[in-house]
Amino acid sequence: MLPIHDEIRPSIKPYVNYCLLLVNIVVFFFFFLQDPILMRVLNMGIWDFGAIPRDIIRGENLWTLLTSMFMHADIMHLLGNMIYLWVFGDNIEDALGHAKYLIFYVLGGLAASFVHIASVLAALPSLTSVPYGWDPTRIPSVGASGAISAVLGSYMLLYPRARIKTLVFYFFITIVTIPALYYLGFWFFYQLLMGFFSLTGLFSGVAFWAHIGGFVAGLVVVKAFGVRPRPESGVVFRREPVKPFYVGSKFRTPFVDIMVEGDKARVVAELPGMEEEDVMIRVS
């Protein structure tokens with residue numbers, strides 16, 4: 001599943017979120033385009049600017065806790081993270097404000113890194129599938145996913161009923177609408193499941209505990225500081241039964257979704273048993 005967009009528009013321009021997107025993209029292509037075939041420059045950058053657990057535990061290269069948030073291993077890693085940041089980040093910036101959102105983002109990334117390091121140490125005695133010669137405490141972690149996970153956790157708490165347009169890849173490709181509570185709840189459950197598997201000694205190369213730590217950090221911050229979504233968003237969602245009407249020999253009860261944003265309104269009506277060509281709509 002891949003989110004396309006949500007149906008809640010922010011009341012302010014998310015300039016900080018735009019800047020975070022831009023910095024992540026520029027940093028990646030700065031390294032990638034210098035050697036796009038073998039990616040040697042990018043790999044060197046990951047080792048130089050990634051957060052290596054062994055160094056952090058020793059109090060060395062602590063600045064990499066920050067730089068690692070803007071490094072990505074490949075294009076798909078970058079693309080996946082940026083899509084989630086684009087879809088969910090603007091509303092959290094709307095709720096927190098520009099400066100607080102930037103602080104929240106960085107602190108969420110730091111919390112995610114510390115939880116990841118703790119998980120590496122916890123799994124160390126049982127690791128059996130690490131490639132020969134690799135010490136997990138020496139493997140750099142990179143990516144914005146820890147900080148973005150904090151954004152996801154706060155979004156689920158602030159906008160649980162927000163509907164997420166989602167691209168689903170199964171035997172076919174389709175677009176469905178999923179409430180944020182279910183979408184992000186399932187996402188977190190998957191991270192938790194894979195995180196516990198990783199503690200059994202199965203090395204995957206994915207920092208699942210960074211995702212878990214960031215997500216929980218986002219939940220805690222929003223709950224602890226009583227953050228509320230801005231009421232100025234002007235978006236109203238309503239789903240309610242409408243007076244039954246007569247069709248043929250039976251009564252039918254339609255359901256209507258009404259989305260009001262500024263001077264625009266979208267009405268989505270579900271009419272059981274009716275075909276599109278049998279319906280005429282008049283608007284005044």
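The values are calculated or read from the model by the stated rules, or taken from the named source; none is laboratory data. Note that the structure is predicted; figures quoted are calculated from it, not measured. Because the Cβ atoms are built from the backbone with ideal geometry, glycine has one as well, and the counts that use them run over all protein chains shown. Just the protein is used for accessible areas: all its heavy atoms, side chains included, with ligands, DNA and RNA removed. Shrake-Rupley method; radii C 1.70, N 1.55, O 1.52, S 1.80 Å.
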Filtering the range 67-111 for residues that are under 15 Å from residue 142 (Cβ atoms), touching a strand residue (DSSP E or B) at 6+ places or on another chain (Cβ under 9 Å) and open to solvent by 30 Å² or more (accessible area, probe 1.4 Å) leaves a count of 1
Residue 8 fails exactly one of (1) in contact (Cβ under 8 Å) with a residue 24 or more places away in the chain; (2) within 18 Å of the chain's Cα centre (by Cα); (3) part of a helix (DSSP H, G or I), namely (3)
Does the range 12-51 hold any residues that are at pLDDT 95 or above, among the β-branched types (Val, Ile, Thr) and within 26 Å of the chain's Cα centre (by Cα), and which are they?
16, 23, 25, 26, 27, 46
State yes or no: is residue 214 at pLDDT below 75, within 30 Å of residue 136 (Cβ to Cβ) and surrounded by 12 or more Cβ atoms within 10 Å (Cβ to Cβ)?
no
Quick check: is even one residue across the range 44-65 of a type in the set (Ser, Thr, Tyr), crowded, with 17+ Cβ neighbours inside 10 Å, touching a residue at least 40 places away in the same chain (Cβ under 8 Å) and closer than 27 Å to residue 190 by Cα?
no
Condition first: within 27 Å of residue 156 (Cβ to Cβ), in a helix (DSSP H, G or I) and among the small types (Gly, Ala, Ser). Can you find one or more residues in the range 46-67 that meet it?
no
Those residues of the range 68-90 that are within 16 Å of the chain's Cα centre (by Cα), outside any loop (DSSP other than H, G, I, E, B) and either farther than 18 Å from residue 18 by Cα or of a type outside the set (A, V, I, L, M, F, W, C) (or both) come to a total of 7
Would you confirm whether or not the range 142-151 contains a residue that is at pLDDT 90 or above and either aromatic (Phe, Trp, Tyr) or open to solvent by 40 Å² or more (accessible area, probe 1.4 Å) (or both)?
no
Would you confirm whether any residue within the range 176-191 is in contact (Cβ under 8 Å) with a residue 24 or more places away in the chain and closer than 22 Å to residue 138 by Cβ?
no
Out of 227, 222, sole residue that is part of a loop (DSSP other than H, G, I, E, B), at pLDDT 80 or above and surrounded by 12 or more Cβ atoms within 10 Å (Cβ to Cβ)
227
Exactly one condition in (1) surrounded by fewer than 19 Cβ atoms within 10 Å (Cβ to Cβ); (2) of a type outside the set (S, T, N, Q); (3) part of a helix (DSSP H, G or I) is false for residue 195; which is it?
(1)
Which residues, counting only those in the range 30-42, are out of contact with any Asp or Glu (no Cβ under 8 Å at 6 or more places or on another chain) and surrounded by 14 or more Cβ atoms within 10 Å (Cβ to Cβ)?
31, 32
Within the range 105-116, how many residues turn out to be farther than 14 Å from residue 145 by Cβ and touching a helix residue (DSSP H, G or I) at 6+ places or on another chain (Cβ under 6 Å)?
0
